[in-house]
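Each remark here refers to the structure printed beneath this line.
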Protein chains: 2
Amino acid sequence: MKVTGDQALVKKINKSLILHTIRKHPELSRARISEMTGLNKATVSNLVAELQEDQLVLEAGPGESSGGRKPLMLHFNAMAGCVIGMELRVKQLTAILCDLNGNVLSEADSLLQRHDLDDVLAEMKTMIGELIAKAPSTPYGVVGIGVGVPGMVDENGVVLFAPNLAWEKVHLRELLEESFSIPVVIDNEANSGAFGELNFGRGEDVRHLLYVSAGSGIGSGIIIAGELYKGSRGYAGETGHMCIEAEGIPCSCGSRGCWELYASEKAYDLASMELPAHRTPDLIGFAARGDAAAERQFSEIGAYLGIGLTNLINSFNPELIVIGGPLSEAREWLEPSMQQMVAKRTLPYHKQQLEIAFSTLGSRAAMIGAGFSAAMHFLGHTRVMV
Amino acid sequence: MKVTGDQALVKKINKSLILHTIRKHPELSRARISEMTGLNKATVSNLVAELQEDQLVLEAGPGESSGGRKPLMLHFNAMAGCVIGMELRVKQLTAILCDLNGNVLSEADSLLQRHDLDDVLAEMKTMIGELIAKAPSTPYGVVGIGVGVPGMVDENGVVLFAPNLAWEKVHLRELLEESFSIPVVIDNEANSGAFGELNFGRGEDVRHLLYVSAGSGIGSGIIIAGELYKGSRGYAGETGHMCIEAEGIPCSCGSRGCWELYASEKAYDLASMELPAHRTPDLIGFAARGDAAAERQFSEIGAYLGIGLTNLINSFNPELIVIGGPLSEAREWLEPSMQQMVAKRTLPYHKQQLEIAFSTLGSRAAMIGAGFSAAMHFLGHTRVMV
DNA sequence: CGACTTTGTATATTGCTTAAACAAAGTTTT
DNA sequence: AAAACTTTGTTTAAGCAATATACAAAGTCG
């Protein structure tokens, strides 16, 4: 059944509009909301009153007068509830407890020895349980759990395939919702990272953003028109297996010359030269001390990153590309060759308004994004398209 | 200013919903519309009455009874107005006059000798003028003109760059609207083709579709969630310059190893073997007569098409890919090697629900899509997102 | 201190969807 | 063939949300 229009819908649209307007601005008066949204002052007053009853909006007292009566400032009550954001990596589980605006209240992490579902799930439950216990008393309590995982996820929160964990068809959302009776959002780690950067990193006021996470492989999250784009079955963005060398090295996926063979940590194993180390943090250490092989390896990876980015730029024409993931820590040595390659190979019109940046959230992007995704799910977002 | 909700909006949403419901089904009664949309019978009656006044819906007389009063069947009045769809190619200008449902009423085409704006524009105006003259008498007359052009187009209908025409920053929409005082929609040829296939070709009931137009270059139109996706400045889909060979042949775009060097008509010039002809229709003739060189050339192009398609599949995860453009006429020789390459190189999960097909609209896809785009612009489409 | 501004609320009006009753036009049962 | 049931589409009254307008409250400024 399609969505039809009635008065309840009108109210929902306007209430949602007001809530998110307040959320995105530190302090606003009713009068300014009326100006900004185009809604009548009376409408704003009514809906704000309801939002106050819902405890989602608070009155912060009088503000500065601009030549008349002092405005009563409103602000979003980020502490109306809490959410948990979690990232599952190959060797590590990290999580945060944060408020509805993504402010971190508490953190937790633990190393993973084994990858079988039972062990990982037990560890996840323990960690979530501990964070829930730490949650401050709020009107709504913990209202959502978001998890970023290194694999393909469908629209029902099923992890279809996670090669690095050797997982297949794991009904993760269902499993967690059964344990905690709280709405759970499962997403690909790159998608979560993209959502994090969009809202808290470089991506503010950006409509089309591409987040590329480089680590043990390459994944990417695609934001289109301010929203996460997922393909027909929810697992687009597997750009690591994009072919950049038609007759290149055979890949485990069945293809040849995949991008991530040249531009992720996988390149270490195929390096033409002798490397002093095979783990990114160690290699960064060597590069920092001037090791030529390490520097050259990063520079080469940077160049290949640039080649793949060019393909994405020509397909998506994004406004901003953010490079994240473990490899992004080697920015110093990756960036020159990467930017050079992109500058040389991109169509002139695409270059005009494109910025390529490294993540400001660092390795926390996915975790923060997952949590915020759960928060947005709780708040809802109804709007009109013309 | 953002879109707010009020009663006028509710009416607009519901009227639009009813109109498009009727448009997509050959015949419907008010009662069935009420069931299908979830709107109250009274609401449907009122809005249908308005649509009848607007001449967009007609009553077709009584239908079959299903055990009670006979229903009064309604249908969309495709002849409430006409639109013109046009495709500008390097050597040819083609256009159609069609009704609001994309049914062709009249066709026209002419060869282009020169590419300077004045000449082309004059020819376009003549052709449009002739089609307008041929338009039958309808309540609204000719309500829109849609044009597909071989180049990048921004959101204001400006042709930013069309290398094959040597055009730059041509305000095409403005120029045509000034001449005819009818709304004009300008789009990239591949985007128009994608829209045509979505609505009249293979793409019915498909949400994520990729249309790849192979000819003198490669362009692609991306349909996401049933809608044409355009990048931040309106010219995404330039996938022809995607790099599939890191150290490949230098391209005029500044990069190396671009897809279209290997998988479009450009491959003829770089062919490793002696070709009996250098124009696609001729080469198809030779292949049909069993010429080995021609057959091998097409097979090679097919393989490279497959490589590039794999990249697009991994990035977009579409449900359907449609191959169109002049080269698609060589389907017989392209398809085997192309399908084989895709089957070999695609991630298993992507393969599950993917279909790769050749265009059913043939070379008319862009023209039909451009016209229909203009028709949809006239009818409007207001809806809600949750 | 009086005139003007700005903020936020109260009131009457408008207009849309809806539920329920109803009229019209069939079919099926007895 | 008449009565009973079905289906279709319209009419009517009710409910409700946004809006314009008026107004009260609380400030600034000369």
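The values are calculated or read from the model by the stated rules, or taken from the named source; none is laboratory data. Only a predicted model underlies this, so the values are computations on that prediction, with no experimental measurement involved. Note that we place each Cβ from the backbone using ideal geometry, even for glycine, and neighbour counts take in every protein chain shown.
Evaluate the following for A:GLU260: is it under 21 Å from A:PHE358 (Cα atoms), touching a Pro at 6+ places or on another chain (Cβ under 7 Å) and acidic (Asp, Glu)? Answer is no for this residue. Among the candidates B:VAL153, B:VAL120, the residue that is more than 14 Å from chain A (Cβ to nearest Cβ), surrounded by 14 or more Cβ atoms within 10 Å (Cβ to Cβ) and not acidic (Asp, Glu) is uniquely B:VAL120.
Filtered by the rule that a residue be small (Gly, Ala, Ser) and closer than 23 Å to A:LEU131 by Cβ, the stretch A:163-183 gives A:SER179, A:SER181. Of the residues making up the stretch A:116-146, those that are small (Gly, Ala, Ser) and outside any loop (DSSP other than H, G, I, E, B) are A:ALA122, A:GLY129, A:ALA133, A:GLY144, A:GLY146.
The conditions of being at negative phi, surrounded by fewer than 22 Cβ atoms within 10 Å (Cβ to Cβ), at pLDDT 85 or above and hydrophobic (A, V, I, L, M, F, W, C) are not met by A:VAL212. Within the stretch B:66-93, the residues that satisfy the criterion of being within 16 Å of DNA strand D (Cβ to nearest atom) and hydrophobic (A, V, I, L, M, F, W, C) are B:LEU72, B:MET73, B:LEU74, B:PHE76.
When you look at A:GLU27, is it surrounded by fewer than 18 Cβ atoms within 10 Å (Cβ to Cβ), at pLDDT 95 or above, more than 12 Å from DNA strand D (Cβ to nearest atom) and outside the structural domain of A:SER106 (by TED's automatic domain parsing), yes or no?
no
Here are some residues: B:SER220, B:SER264, B:SER255. Which one is more than 11 Å from chain A (Cβ to nearest Cβ) and either polar (S, T, N, Q) or buried (at least 17 other Cβ atoms within 10 Å of the Cβ) (or both)? Show your work before the answer.
Values: B:SER220 fails: more than 11 Å from chain A (Cβ to nearest Cβ); B:SER255 fails: more than 11 Å from chain A (Cβ to nearest Cβ).
Testing whether each residue is more than 11 Å from chain A (Cβ to nearest Cβ) and either polar (S, T, N, Q) or buried (at least 17 other Cβ atoms within 10 Å of the Cβ) (or both) leaves just B:SER264.
When A:VAL158 is tested against (1) more than 19 Å from A:VAL184 (Cα to Cα); (2) surrounded by 14 or more Cβ atoms within 10 Å (Cβ to Cβ), just one condition goes unmet, and that condition is (1). Comparison of A:ILE132, A:ILE128 shows that the only residue that is surrounded by fewer than 20 Cβ atoms within 10 Å (Cβ to Cβ), among the hydrophobic types (A, V, I, L, M, F, W, C) and more than 18 Å from the chain's Cα centre (by Cα) is A:ILE132. Against the test of being more than 14 Å from chain A (Cβ to nearest Cβ), within 15 Å of DNA strand C (Cβ to nearest atom), out of contact with any Asp or Glu (no Cβ under 6 Å at 6 or more places or on another chain) and not polar (S, T, N, Q), the options B:VAL10, B:VAL83, B:VAL44, B:VAL48 yield a single qualifying residue, B:VAL48. A:ILE96 - would you say it is within 9 Å of DNA strand D (Cβ to nearest atom) and touching a residue at least 60 places away in the same chain (Cβ under 8 Å)? Against the criterion (within 9 Å of DNA strand D (Cβ to nearest atom) and touching a residue at least 60 places away in the same chain (Cβ under 8 Å)), A:ILE96 does not qualify.
One residue stands out among those in the stretch B:187-243 that are in a strand (DSSP E or B) and of a type in the set (Gly, Ala, Ser): the one that is nearest to B:GLY324 (Cα to Cα), which is B:SER213. Being touching a residue at least 40 places away in the same chain (Cβ under 8 Å), under 23 Å from A:GLU174 (Cα atoms) and either within 16 Å of DNA strand D (Cβ to nearest atom) or among the β-branched types (Val, Ile, Thr) (or both): is that true of A:VAL104 here? No; evaluated as a whole, the condition is false for this residue. Annotation note: of B:THR138, B:THR126, the sole residue that is closer than 17 Å to B:THR94 by Cβ and among the hydroxyl-bearing types (Ser, Thr, Tyr) is B:THR126.
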